[in-house]
Amino acid sequence: MQGLLDVSFVSVGALTRTELINVFAPLGGVDVLLDRPVVSVAVDGTPTQLAGPGEQSFAIDRVVDILIARRPNEKESERFARHREVWNGVVKRVGAGVELAPEVDTTPAGLADASNFMRRVLGGAMQVWQLSAAPVLDKTLNPKRVDMYSLDRAEVVMVFASVAPSALSGADLPVSVMIDSPFNDPIVSRAAVQRLLDAGIGVAVMREVSAREESATTVAGDDDVTSAINEALGDSFGTLQTTSWDAPVSGVAARITLGSQFAALARDDSQ
């Protein structure tokens, strides 16, 4: 992950079926919109239909069974939509957050336990973002034709720079910047990350901000840094203007505030 996508995790957690049922228990039930039937196959080969297509309300144990359902030789891509819609249903049910039970550990130590961590996540509003994934069909890259997928590096960096910048490893790039976008548009944000990575510039933080939209993109930092960034970016961001940075962030070389000229370029390129 670190070498390919610039993302590094210091810990991972896994939940059993029973543990996930217990985590979701406060929700009572979840409404899920499915585009196809969900069938699970037992180890002895016996198939069981867990749900039909359409929007339905499911008890928590059935929600978990739909999440973990798998058929022999079923491609992961066939499960993408199902997983997204289950999590969308969970998010809708969570709303502004469920009340935390007294036994939930809200101290920093409680973050180390996967079940406790998930209970704390459900205590606030949530959003769902499913990363784009394309099957690797190249016989050189995937000679055994296993069910393998490639992720969009720019999208991954954009998401983690927005929600968990501490997970970004830096990818050994000489300069990392913070991006501020007043557009609240993932197409614009991803395009900015892509063009910076292509120019050899890392992205440490990505923020959607409330600010007046300006035509030009602004690079704020010291003279040497802004000059180097301007040279590396060329005209890929449209018109660039430079300014000093009154409140720099440790470990971040410059702040780039996206302008409407760049936003228009990004949206045109996506069509």
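The values are calculated or read from the model by the stated rules, or taken from the named source; none is laboratory data. All figures in this text were calculated on a predicted structure; none of them were measured in a lab. Heads up, the Cβs are rebuilt from the backbone with ideal geometry, glycines too, and the neighbour counts pull from every protein chain shown. Heads up: the accessible areas ignore ligands, DNA and RNA and are worked out on the full protein's heavy atoms, side chains in. Shrake-Rupley method; radii C 1.70, N 1.55, O 1.52, S 1.80 Å.
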With a 1.4 angstrom probe the carbon and sulfur portion of accessible area for segment 112-178, in percent, totals 56 percent
Mind listing the long-range amide H neighbours of residue 203? Cut-off is under 5 Å, sequence gap 5 or more, other chains count too, H placed in the peptide plane at 1.01 Å from N. 177
Accessible area of segment 181-251 belonging to carbon and sulfur atoms, whole % at 1.4 Å probe: 43 percent
Share of pairwise Cα separations in the chain, more than 36 Å, in percent: 29 percent
Enter the accessible area per residue of the chain (Å², integer; probe 1.4 Å; all protein chains in place). 57 Å²
Of 97, 63, 47, farthest towards positive along the dipole that unit charges on Lys, Arg, Asp, Glu beta carbons give segment 8-135: 47
Using a simple charge model, +1 on the beta-carbon of Lys and Arg, -1 on the beta-carbon of Asp and Glu, nothing else, what dipole does the chain show about its Cα centre, in debye to the nearest 20? 940 debye
In terms of modelled amide H atoms, which long-range or inter-chain residues lie less than 5 Å from the amide H of residue 150? 134, 136
Within 13 Å, Cβ to Cβ, of residue 15, how many net charges do the neighbouring residues add up to if Lys/Arg are +1 and Asp/Glu are -1? 0
Net charge around residue 79, counting only other residues with Cβ within less than 15 Å of its Cβ (Lys, Arg = +1; Asp, Glu = -1)? -1
Extreme residue, positive dipole direction of segment 135-189, given options 179, 167, 146 (C-beta unit charges): 146
Rounded to the nearest 20 debye, dipole of segment 43-202 from Cβ charges on Lys, Arg, Asp, Glu: 340 debye
Just to verify a number: what accessible area does residue 213 come out at with the full protein assembly present, 1.4 Å probe, Å² rounded to tens? 100 Å²
Computed over the Cα atoms, what is the radius of gyration of segment 196-271 divided by 2.2 N^0.38 Å, N being its residue count? 1.08
To two decimal places, what compactness ratio does segment 1-114 give when its Cα radius of gyration is scaled by 2.2 N^0.38 Å? 1.23
